[in-house]
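S.K.: Have a look at this one before I ask anything.
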Amino acid sequence: MGVDTGRGSGGSGLDRYWRRRVVALAMGLGAVGVLAWACADGEDEPRRRANAAWSDPPPTAMPTVTVTRTVIRSAEPVAEGGRCAAKNLVVSLAASRDTYTGRDAPRFRVSVVNAGEGECTWDAGSLDVRVASGDDRIWSSARCRRSGGGRAENTRRTLRRGIPYVDTVGWDRRRGCGGARVRPGTYVVALKGAGKQVFQLR
């Protein structure tokens, strides 16, 4: 009976020893698990913040577009067909050559351009090409045209804007209208509004 009691006491003490060891081991494992969970949660936090930053970009302001309408008024219509204003006419004069020899008759090219807003009427008979030698007035195209006799010619012309009227005026190298032939020398041809040009007769 004494032996059985001793085993019982010894067995009871051994059981308590192992129970304490199991409890201590369980507590250690629990502490390790808590630390592992805390570390894992701390590492996931930056990932969640980064994912949130990529998945949900902050709203941006939309650009504002302003549309402006510009109304351009057309020019007022200009009455056409009236008389050409002298200030709107661009007149030019050019001799066909600088020197004429023998019986070659000088020829002069006249150009008139309307620089006004619309077409207008102009009298080509108003052109007066003159030839002189110094102060000596030798020939006038307008005077010879008036003294030519015969049926009067309609010299009214309609000039469109920018389209030149071109005419060629010839001189027969005679003084006045059908007078004597002039001598070789230096002469000047002139047209009002177009200036002068020097040429030679030989």
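S.K.: With labels modelled as points extended 7 Å from the Cα through the Cβ direction, what inter-label distance (nm, one decimal) is found for Ala190 paired with Asp136?
M.R.: 1.7
S.K.: Write down the accessible area per residue of segment 110-167 in Å², having rolled a 1.4 Å probe over the full set of protein chains.
M.R.: Working: 3670 Å² over 58 residues.
In whole numbers, segment 110-167 has 63 Å² accessible per residue.
S.K.: For a paramagnetic label modelled at 7 Å from the Cα of Arg156 toward its Cβ, which residues of segment 94-130 fall within the zone defined by backbone nitrogen distances under 17 Å?
M.R.: Counting backbone N atoms under 17 Å from the label point, the list is 119-127.
S.K.: Something else: Kindly write out, for segment 179-187 in residue order, the coupling ³J(HN,Hα) from the Karplus curve 6.51 cos²θ - 1.76 cosθ + 1.60 (θ = phi - 60°), rounded to whole Hz, with x marking Gly and Pro.
M.R.: x, 6, 5, 7, 7, x, x, 9, 10
S.K.: From zero up to wherever the largest Cα-Cα distance of segment 91-202 sits, split into 5 Å bins and tell me the percent of pairs in each.
M.R.: Values per bin, smallest distances first: 2, 11, 21, 22, 18, 12, 8, 4, 1, 0.
The values are calculated or read from the model by the stated rules, or taken from the named source; none is laboratory data. This structure is a prediction, so every number in the text was calculated from the model and none was measured. Neighbour counts run over all protein chains shown; Cβ positions are idealised from the backbone, glycine included. Each accessible area value is taken on the protein alone, full model and side chains, heavy atoms only, with ligands, DNA and RNA left out. Shrake-Rupley method; radii C 1.70, N 1.55, O 1.52, S 1.80 Å.
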